[in-house]
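Worksheet for the structure shown next.
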Number of protein chains: 2
Amino acid sequence: MSEHASGPDERSYHMTPGEFRRQGRAVIDLIADYLERIEEFPVLSPVQPGEVRAALPGSPPERGEPLADMLADVERVILPGLTHWQSPSFFGFFPANSSGPSVLGELLSAGLGVQGMLWATSPACTELETLVLDWLAELLALPAGFRSDSPAGGAVIQDSASSAVLCALVAARERATRGLVGTAGGAAAGQLTTYCSAEAHSSVEKAVRIAGVGTDNLRRVAVDDRLALDPAALEAALATDVAAGATPVLVVATVGTTGTTAIDPLPAVAAVCDRYAVWLHVDAAMSGTAALCPEFRWIHEGLDRADSYSVNPHKWMFTNFDCDAFYVADRAALVSALSILPEYLRNAATESGAVIDYRDWQVPLGRRFRALKLWFVLRHYGAGGLRHHVREHVAIAQKLAGWVRADSRFELAAPVPLNLVCFRHVDGDVATERVMAEVNGSGAAYLSSTRVCGRLVIRVSVGGTLTRAAHVKAAWGRLQQAADGL
Amino acid sequence: MSEHASGPDERSYHMTPGEFRRQGRAVIDLIADYLERIEEFPVLSPVQPGEVRAALPGSPPERGEPLADMLADVERVILPGLTHWQSPSFFGFFPANSSGPSVLGELLSAGLGVQGMLWATSPACTELETLVLDWLAELLALPAGFRSDSPAGGAVIQDSASSAVLCALVAARERATRGLVGTAGGAAAGQLTTYCSAEAHSSVEKAVRIAGVGTDNLRRVAVDDRLALDPAALEAALATDVAAGATPVLVVATVGTTGTTAIDPLPAVAAVCDRYAVWLHVDAAMSGTAALCPEFRWIHEGLDRADSYSVNPHKWMFTNFDCDAFYVADRAALVSALSILPEYLRNAATESGAVIDYRDWQVPLGRRFRALKLWFVLRHYGAGGLRHHVREHVAIAQKLAGWVRADSRFELAAPVPLNLVCFRHVDGDVATERVMAEVNGSGAAYLSSTRVCGRLVIRVSVGGTLTRAAHVKAAWGRLQQAADGL
């Protein structure tokens, strides 16, 4: 049993601060031990459906149990059931990297246990968030109009880029319909249309569905041979819709598609959006982090004409999920779309207008103190440290691209502008699938796939905190071995 | 500077596991120290707008800084800028209680750093979540049809009850329109209507706005003298709308309104919903935790006829934000409303149909391993420990209600079914405001307010982890002193 302090009047089951000190060390040690031996685990969990649940009791305990029992179950049941995203040989999907300072910032946030829904409910929670997002804007050289200390702009931490694009869509929808949908409903507003490239993230379609705009009204605009949005095709789609009487509300451009890190041409897209007065949201969840380095800032060219922007420190900036940074050029459009003030949240600070109440910038009401972890990361690494690691990841990916080019059995399937390498076996999908499955099945590395122009493609996403050149080289060696065995 | 390990090839700025052990202890100690002296801080932060930001550098550092510097700034700038939600004398808004095991579960989740968007991306993350939500269903004696091991039902952890009601609304909207809004948009579906009591949470209105149903189409149904939804008024509103050709999509009933913990009469509301075939969502964010104790399970009577239900362990069940448990009777309706499967997320487990992919149960794609903290809490306390503390909170609130009744200068403003006491000064709003402001300004306790029947009311919400009878007694004493001084 855990230590149960007893007050003068009655029994308490709460963990005392003394016990928290002792148990906290045990959990810190468990994490450090895990990171030290993370390469011993198969990267992709080999468990079968139902196996984890079956290894645990079907009902909760009536009496409390010691934390040591939970930690033993973590070792016995949970760790074997994980796919190890922090493994240096995890190359699937996208990076979801993390770091010591980030984990400790998350811990501190949980330990302080404050709610940041209003400025008044914990001023430091709001003000630190506003500040670190301005810091991040400086580090990424974002347009000044997105900064919270600009006249109209501002930024907020969202849980994810999916929530950010939903908020952008709702704000854009209300701007385009002068608030008509939010009040009178979609039936009153006629046909609304939205636009993104055929390669844009599924979150755009999800947002369009949730917001009731309808997936039939989402135009999946054609891409060029680099898999980037074709501005002429966008303009043609807008012209057709406007001629048909529709109201275009949102264009989403992507800086780094999930499939292949294609970079949509923002200057040309922004020019089209200007002509049609449609909200431009730039989804840089995947690749915006690259702009820490001046040599990669070309990806953001034209961003000064966007209405909103999001980037995920929880992907490639050593900050554990969740931490999406969402910037808007016109905070009033966002806040007016999402603000509802019930009586029990009224307070003098809100009514003064001198503060930000972040509940009006997001779907949920409540919010954690997520700025702490981003603050810890930016200060621990400093700008120089962050740039160092981003450059290292890009350099490793470029090396891999070179190895692929040099092996006649493989071919690159898309340009490699940054840290994602997409390639296939020249013999076609079956061979590509087989070499990938062999590496994934070995547990030595994990790669995921997509389709480019209908053909199966292996994706190697380089962005793990612990990933060094040697890990990518080893995975490439295994792929080559698998190709030898075909 | 922090310790920077150097590999054979290049410099690394990452925190090593050894350094993480050392720094982790420092953060654990900071939290334990904070909790030990939490009563020394003014509960409501006295800082002025801009004060926190002004105390920190305007730009991020170029070179990394040691964690000790961040922790010193936490002490110097952050702690004074907090409103202390974990203080035993915090009685504002709602409980956002926490506990040692929960904080350590959050820490472990951050440390493991896995993504639970698909079963395949970390099977244990999904399966533990499904299991602990079935445990919670058992502890709260929820209807069997909400359990994940039932034929049609299931449950998921959402960040908040706001997101849960949005998901319920989208699922209900798609069920009522046979998917028409999600595909063709709101313009194709005609007028959709939604219903909740005049006392329901602002999240209903926010969801209605986000989903494009429109706030004009949200019927705020009248309440009875206990501030609970009047089923006859609900039926009348539905009849009027249907006669006018509208399509009703969602009724939200509340088990514990935020204002006064009014409990809507579920059996009668469910009967009305049955007659109109409209989705019934039960929002028990505030009070559902009470059903841990058999003597309070009357609050859920009629729940077996609801379509969805949400309760917040992050309010009153010692689990730090965010952890909303969202249950549905028909998981297919939810998943079909939210599921989008892009090529890069395809995998064998998903295609087998044998697993849950929780990305289809929520707005975001990514998700943390939040089940760990709830699992730690349920096991640390055991059912008995949780019941003990919930009973203690209710008993303290009932004591306070008695003290209010016994003081002729104050009067209760609403029934006190559980752990929230609403009362006012008999001299009216000015007197009520003055006594409350005096206590809040003293820093000794924090109370928030609402309006009941147009009159200002002090709310004392009893649910803090560290709150004992003595803290409530002291706050009451201060209110009485303030009344003496009027």
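The values are calculated or read from the model by the stated rules, or taken from the named source; none is laboratory data. Computed from a prediction, not measured in an experiment: that's the story for all the values here. FYI the Cβ positions are ideal-geometry reconstructions off the backbone, even for glycines, and counts take in every protein chain you see.
General remarks:
- Of note, B:L104 satisfies the criterion of being touching a Phe, Trp or Tyr at 6+ places or on another chain (Cβ under 9 Å), facing chain A (nearest Cβ under 7 Å) and in contact (Cβ under 8 Å) with a residue 40 or more places away in the chain.
- Restricting the stretch B:202-219 to residues that are among the aliphatic types (A, V, I, L, M) and more than 7 Å from chain A (Cβ to nearest Cβ), the residue that is farthest from the chain's Cα centre (by Cα) is B:L218.
- Being farther than 30 Å from B:G454 by Cα, out of contact with any helix residue (DSSP H, G or I) (no Cβ under 7 Å at 6 or more places or on another chain) and surrounded by 24 or more Cβ atoms within 10 Å (Cβ to Cβ) is a property that does not hold for A:H281.
- Within the stretch B:293-322, tally of residues that are over 18 Å from B:V252 (Cβ atoms), touching a Pro at 6+ places or on another chain (Cβ under 8 Å) and outside any loop (DSSP other than H, G, I, E, B): 1
- None of B:V390, B:V452 is more than 21 Å from the chain's Cα centre (by Cα) and not charged (D, E, K, R) except B:V452.
- Residue ID - nearest to A:H201 (Cα to Cα), chosen from residues in the stretch B:328-343 that are more than 9 Å from every other protein chain (Cβ to nearest Cβ), of a type outside the set (K, R) and touching a residue at least 60 places away in the same chain (Cβ under 8 Å): B:S336
- Among (1) under 27 Å from B:D225 (Cα atoms); (2) within 21 Å of the chain's Cα centre (by Cα), the one test that B:T194 misses: (2)
- Restricting A:T432, A:T450 to those that are touching a strand residue (DSSP E or B) at 6+ places or on another chain (Cβ under 7 Å) and assigned to a strand (DSSP E or B) reduces the list to A:T450.
- Selection status of B:A54, modelled with pLDDT of 95 or more, surrounded by fewer than 18 Cβ atoms within 10 Å (Cβ to Cβ) and either farther than 16 Å from A:A124 by Cβ or assigned by TED's automatic domain parsing to the domain that holds B:S287 (or both): no
- Residue that is farthest from the other protein chains (Cβ to nearest Cβ), among those in the stretch A:369-411 that are outside any helix (DSSP H, G or I), in contact with a strand residue (DSSP E or B) (Cβ under 7 Å, 6 or more places away or on another chain) and in contact (Cβ under 8 Å) with a residue 24 or more places away in the chain: A:R409
- Boolean, A:G111 is assigned to a helix (DSSP H, G or I), within 7 Å of chain B (Cβ to nearest Cβ) and crowded, with 24+ Cβ neighbours inside 10 Å: yes
- Number of the condition not met by A:E129 [criteria: (1) assigned to a helix (DSSP H, G or I); (2) over 14 Å from A:L374 (Cα atoms); (3) among the acidic types (D, E)]: (2)
- For the residues B:R25, B:R63, the requirement of being assigned to a loop (DSSP other than H, G, I, E, B) and within 9 Å of another protein chain (Cβ to nearest Cβ) singles out B:R63.
- Candidates are the residues of the stretch A:344-368 that are outside any loop (DSSP other than H, G, I, E, B), out of contact with any strand residue (DSSP E or B) (no Cβ under 6 Å at 6 or more places or on another chain) and facing another protein chain (nearest Cβ under 8 Å); the one that is surrounded by the most Cβ atoms within 10 Å (Cβ to Cβ) is A:L345.
- Some residue of the stretch B:63-80 being closer than 28 Å to A:L44 by Cβ, in contact (Cβ under 8 Å) with a residue 40 or more places away in the chain and either in contact with a Leu (Cβ under 8 Å, 6 or more places away or on another chain) or in the same structural domain as B:T260 (by TED's automatic domain parsing) (or both): no
- Residue identified as buried (at least 24 other Cβ atoms within 10 Å of the Cβ) and outside any helix (DSSP H, G or I) among A:A325, A:A290: A:A325
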